[in-house]
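The values are calculated or read from the model by the stated rules, or taken from the named source; none is laboratory data. These numbers were taken from a predicted model, which means no experiment stands behind them. Cβ placement follows ideal geometry from the backbone for every residue including glycine, while neighbour counts extend to all protein chains displayed.
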Amino acid sequence: MVGRHSQISKLLINQVDKMNTLNLIKVAISAIKRNKTRSFLTMLGIIIGVASVISMLAIGEGSNASIKEQISTMGTNLIHIQPASRSRGGVQQGREMSQTLEVQDADFIRENCDKIKAVSPEVDGSGQVIFGSNNWPTQIISGNEEYTYIKKYDVASGRIYNSQEIKSAAKVCLLGQTVVDNLFEDGVNPIGQTVRFNKIPFKVIGVLAEKGDNTFGQDQDDIILAPYTTVMKRITRQTYLRAIVMSAVSEDEIDTASAQIEGAMRISHKLKDTDENDFEIRTQQELMSTFGSISEMMLVLLGSISAISLIVGGIGIMNIMYVSVTERTREIGLRLAIGGKGNDILMQFLIEAILLSVIGGIIGVGLGIFASNTVENIMGWPILITSDAILLSFLFCSFIGVFFGWYPAKKASALDPIEALRHE
Amino acid sequence: MKSNSIIELKSLSKNYAVGTETVKALRDVNLIIEAGEFIAIMGASGSGKSTLLNILGCLDKPTGGEYWLDGTNVNSLKRNQLANIRNTKIGFVFQSYNLLPRTTALENVELPLLYNSGVSNKLRREKAENALEAVGLADRMKHLSNQMSGGQQQRVAIARSLVNDPVIILADEATGNLDTKTSFEIMSLFQELNQNGITIGFVTHEPDIAAFTKRNIVFRDGRLIKDNGVKNISSAQIALEQLKEEENLQEKLELAYAG
């Protein structure tokens, strides 16, 4: 008789061996609801942590992307040759003093480097531009007819100077938008007018399309563009160039192209094998990766600062859960007495911790997006919210829930029901 | 005869190690409790009655002897199996109710069934509602536990102990926190449940309360020293009415004095 009874009981026991996970989640949710204020305060750490991760990453990624974008507006396959600074008789000379780059170097590169699509000499100078009663301090830059292509300038109206005008050092120019705005009244068409730059009259043949500020905050529209021959002959009165600018045939060919240029320049400058280069080759990609690595460093810095706040938030969860186990000892005792298993209690507290951190995470993501947008609107900083950042902080939250919830939950599950029920 | 017995203790003993000494909380206890009994477990504090209740409730395991509960030898069970036994075969009622605060009566009563995945949501709700009806709280199911009087809270706790259809309800000083009138009300409820066939084990040190049960067993120093049936079982309902009459009389007397 007893034997059969015990078989039936065993069967019953097996049936209720596992508490439904859904039920456990219910139990955890009602426990969270029962202590709304405490639950909210517990979540606050995670909310702030996640919000700061999201907004810091958004600001970091945003500035990273905008730097890259701005650098690429200067042309991603741009290659630049500058004279190297060097010492003569022990005196260090600046780049400006070196007079090593000449027009024939540019011609030599054009003839000998097949990975180069366009080459232009570059000369510049500064001075005062005058039109009528208006005047404006600005910079004159110059190149050949390929210059606008290489430096990604577009002609908004009018035309670029032609090879005839370059050959004859014609006094023609194109104006940047800032110069136009400062010299001409509204409604006056600058094309066909004559402006004076350092007392030399230039006929305006075109207006450049607006380009905005570059990465360094310089106004790229505050310029006058003229043929390099004109500038060398009439303004700088020098025979050497400030730089030679080039476009490689494609972004992928930049390394090959700069190797070709180096070879060509060494021949052109008749350097011996033992001589150092008296020029420097810079590519836009180098610039990009330099700035990229700076902004990535910033990103890591911002990210880790906010990750620390997330960890602090996690410790907050552990703290509250730990206190909550002590405070709810009788509740745990009761749950154990009415049939809750140690594992059920463990799971309940763990699920509570995970729910708290995940709900906190969701609120934090919302708050972070809101904060980033506010920063963008008020400060005008570029922001970029990536799905990676959201996913990352979310996973991190769940991990924090498990990691910091485990210890208090384990403690709760190991309680002795008799002791727990007796707890005052 | 044997098929009727729910609980069978065979020379049960329980020792605690307190420091270097061994405290013998229970010595050679033999006891049979049959279905439908209403048994008061009595004794001074330290007599071993709480230890016995913990063992009967499968919260603790005996050191020696055997404990058979509804055909299962409890001695051989592991921690989780004990939890399942508690979940399916035993109902607990505590002195301090032990309800979840800020939780409705219904949710409190549903709690034991949440730990039994064999019970569906619908069945759980139904059983909880039935249990609350059985303790006379049909109209207070949605009330929060902390907004109820002590008597009502203990009724919710009794409903919670009923909800899993246990083979026995174990009450530990269940009237200890209540005034006389409410105690009588609760005892009346227990008597009613017992008349409907529910077996009840009731720990108390008050002879007044024990008088409402059918059988009294008394412990001293871990030994069962007295086990007798109650000759004239008092009806808690009648006691309650008498109490009310006395109260009325008292009031009238006070009024007369005042007059």
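Counting only helices (runs of 4 or more DSSP H) that sit completely within segment B:163-259, those holding 2 or more residues that are of a type in the set (Val, Ile, Thr) and surrounded by 16 or more Cβ atoms within 10 Å (Cβ to Cβ) correspond to B:180-195.
So which residues in segment A:139-153 are touching a strand residue (DSSP E or B) at 6+ places or on another chain (Cβ under 7 Å) and either charged (D, E, K, R) or not assigned by TED's automatic domain parsing to the domain that holds A:LYS233 (or both)? Spell out the reasoning first.
Of all residues in segment A:139-153, those touching a strand residue (DSSP E or B) at 6+ places or on another chain (Cβ under 7 Å) come to A:139-144, A:146-151, A:153.
Correct list: A:GLU146, A:LYS151.
Select from segment B:85-118 the residues that are over 19 Å from the mean Cα position of the chain (by Cα) and at the interface with chain A (Cβ under 9 Å from one of its Cβ atoms) and list them in ascending order.
Step one: filter segment B:85-118 for residues over 19 Å from the mean Cα position of the chain (by Cα), giving B:101-104, B:106-107, B:114-118.
Correct list: B:PRO101, B:ARG102, B:THR103, B:GLU107, B:LEU114, B:TYR115, B:ASN116, B:SER117, B:GLY118.
Number of residues in segment A:119-137 that are crowded, with 22+ Cβ neighbours inside 10 Å and of a type in the set (Ser, Thr, Tyr): the value is 1.
Residues in segment B:104-148 that are in a loop (DSSP other than H, G, I, E, B) and without any contact (Cβ under 8 Å) to a residue 12 or more places away in the chain: B:SER117, B:GLY118, B:VAL119, B:SER120.
If I ask for residues that are in a helix (DSSP H, G or I), within 12 Å of chain B (Cβ to nearest Cβ) and farther than 13 Å from A:ALA420 by Cα, which ones from segment A:303-341 would you list? The answer is none; no residue qualifies. Just one of the numbered conditions (1) within 14 Å of another protein chain (Cβ to nearest Cβ); (2) farther than 27 Å from A:PHE396 by Cα; (3) in contact (Cβ under 8 Å) with a residue 40 or more places away in the chain is not true of A:LEU287: (1). Highlighted here are the strands (runs of 3 or more DSSP E) found entirely within segment B:1-102 that include at least 2 residues which are more than 24 Å from B:ILE158 (Cα to Cα): B:5-18, B:21-34, B:64-69. Exactly one residue out of A:GLN7, A:GLN15 is at the interface with chain B (Cβ under 8 Å from one of its Cβ atoms) and modelled with pLDDT under 70: that is A:GLN15. When residues in segment B:61-76 are screened for being within 9 Å of chain A (Cβ to nearest Cβ), surrounded by 20 or more Cβ atoms within 10 Å (Cβ to Cβ) and not small (Gly, Ala, Ser), 4 of them pass.
May I ask you to list the residues in segment A:202-255 that are among the basic types (Lys, Arg) and touching a strand residue (DSSP E or B) at 6+ places or on another chain (Cβ under 7 Å)?
Of everything in segment A:202-255, those that are among the basic types (Lys, Arg) and touching a strand residue (DSSP E or B) at 6+ places or on another chain (Cβ under 7 Å) turn out to be A:LYS203, A:ARG234, A:ARG242.
Criterion applied to A:ALA243, A:ALA169, A:ALA226, A:ALA156 was being in contact with a Cys (Cβ under 9 Å, 6 or more places away or on another chain) and of a type in the set (Gly, Ala, Ser), and the one residue passing it is A:ALA226.
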